[in-house]
Every structure is written in structure tokens, then in C-alpha cells.
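Written out below as C-alpha cells is the structure these notes cover.
The values are calculated or read from the model by the stated rules, or taken from the named source; none is laboratory data. Owing to the predicted nature of the structure, the values given are computational and were not obtained by experimental measurement. Reconstructed Cβ throughout: ideal geometry from the backbone, glycine too, with neighbour counts over all protein chains shown. Heavy atoms of the whole protein, side chains included, go into the accessibility calculation; ligands, DNA and RNA do not. Shrake-Rupley method; radii C 1.70, N 1.55, O 1.52, S 1.80 Å.
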Amino acid sequence: MLVEWESANVVRTCFRILGTLPEAEDAAQEAFVIAYRALGSWRGDGPFGAWIARIAVRHSLRQAGRRKALVRLEPSVSDRAPSEIVSLSASRYATGHDPASLAIRREREAAVRSAVGRLEEPYREVVALRFFGELSLAEIAVASGRPLGTVKTHLHRGLRKLRETLGAGGFEQ
């Protein structure tokens with residue numbers, strides 16, 4: 001029953017880190033297996049959702065760090081019929097799916113996920129739980145067993161390090 005209650009949140013958390021639904025679903029399933037095996041270590045002093053989100057974030061970050069970069073190729077424009085090219089172009093721009101904008105957005109998302117994965121502990125955990133796991137600061141404090149003030153400090157310092165890293169990579173706005 002707990003799996004039914006928490007599965008959507010866990011998949012969403014994994015998706016925010018990994019960026020693809022199939023990988024997120026696999027990671028979520030693995031997070032539930034890890035949680036089941038470690039159920040005896042759950043202290044029960046906080047919400048189960050926060051505990052499983054923490055497991056999912058850690059597993060997803062490890063998985064994201066192990067995967068290789070993929071380049072997806074579409075058929076060349078020259079391989080398409082002229083009417084198909086016009087139709088394809090019109091539909092992309094009419095729906096707001098400008099290929100250049102999508103590529104830039106995906107590149108930024110990948111850079112942020114990578115930068116979060118490279119943060120040192122405890123900053124990585126707190127930042128990931130806050131933004132990928134969508135936990136409140138109080139929930140993070142309970143899940144990690146740290147005082148709320150410490151969680152706030154770790155979040156602040158982690159975000160500052162992210163800004164420095166991403167700013168150096170040309171991703172400042």
C-alpha cells in the first residue's frame with residue numbers, strides 16, 4: 001500500500017534527476033527494492049515518503065553518474081519529402097518546440113543534474129532532496145536526521161557552489 005501512495009512521487013523525483021521516463025521508472029523500482037531490503041533501518045520518526053525519496057535521489061544520482069552521454073539522431077532533412085519538411089517545421093514552431101530552444105534547455109538540465117551530482121556531501125543530498133525530491137526543509141531535516149538550521153546552511157552553501165559551477169560553464173542567465 002505504501003508503494004501505491006508513494007510511487008508517483010518517487011518516479012517524479014527520479015525523472016527530475018535522470019530526464020527520461022523509462023530510466024526514472026527503473027530507478028524508482030530499484031529504490032523501492034532497496035527500501036524493502038533496508039526497511040529494518042527505517043527509524044519511523046519521519047514520513048515514509050521522505051525516507052524513500054532520499055533513497056530514490058541517491059540511487060538516481062549514482063545511476064546518472066554511471067551512464068554515458070547519448071546523442072539522438074533524427075533522419076536528415078534531405079531524406080524527407082518537401083511537404084513533410086514544411087509540415088514538420090510548421091508543427092514544431094506552432095507548438096513552441098523550437099529545436100534550438102529545446103536543445104539548449106536539455107543541455108542546461110543535463111548540466112544542472114551533472115553539477116548536483118558532483119557536489120560534495122552533504123550539499124548534494126540536501127539540494128537533490130529539495131529540488132528533485134520536492135521535500136520541504138523540515139522533511140529533509142527529518143529524513144537526514146540533521147537539525148533544520150544545518151539543513152538550511154547546507155542548502156545555501158550547496159546552491160552557492162552550484163551557482164559558481166554553472167556560472168563558470170556559461171550557464172548564467
Are there any pairs, at least 6 apart or on different chains, whose C-beta atoms fall under 7 Å, with the first in the range 110-135 and under 14 Å from residue 157 (Cα atoms) and the second basic (Lys, Arg) and modelled with pLDDT of 80 or more, and if so, which?
116/124; 119/161; 123/157; 123/161
Scanning the range 18-33 for residues that are in a helix (DSSP H, G or I) and either within 10 Å of residue 59 (Cα to Cα) or free of Cβ contacts under 8 Å to residues at least 40 places away in the same chain (or both) gives 21, 22, 24, 25, 26, 27, 28, 29, 30, 31, 32, 33
Whichever residue in the range 47-85 is among the hydroxyl-bearing types (Ser, Thr, Tyr) and in a helix (DSSP H, G or I) and, among such residues, is modelled with the highest pLDDT
60
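Conditions (1) open to solvent by 50 Å² or more (accessible area, probe 1.4 Å); (2) out of contact with any Gly (no Cβ under 7 Å at 6 or more places or on another chain); (3) acidic (Asp, Glu); (4) at pLDDT below 80, marked per residue:
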| site | (1), (2), (3), (4) |
| --- | --- |
| 3 | yes, yes, no, yes |
| 7 | no, yes, no, no |
| 10 | no, yes, no, no |
| 14 | no, yes, no, no |
| 18 | no, yes, no, no |
| 24 | no, yes, no, no |
| 37 | yes, yes, no, no |
| 41 | yes, yes, no, yes |
| 45 | yes, yes, yes, yes |
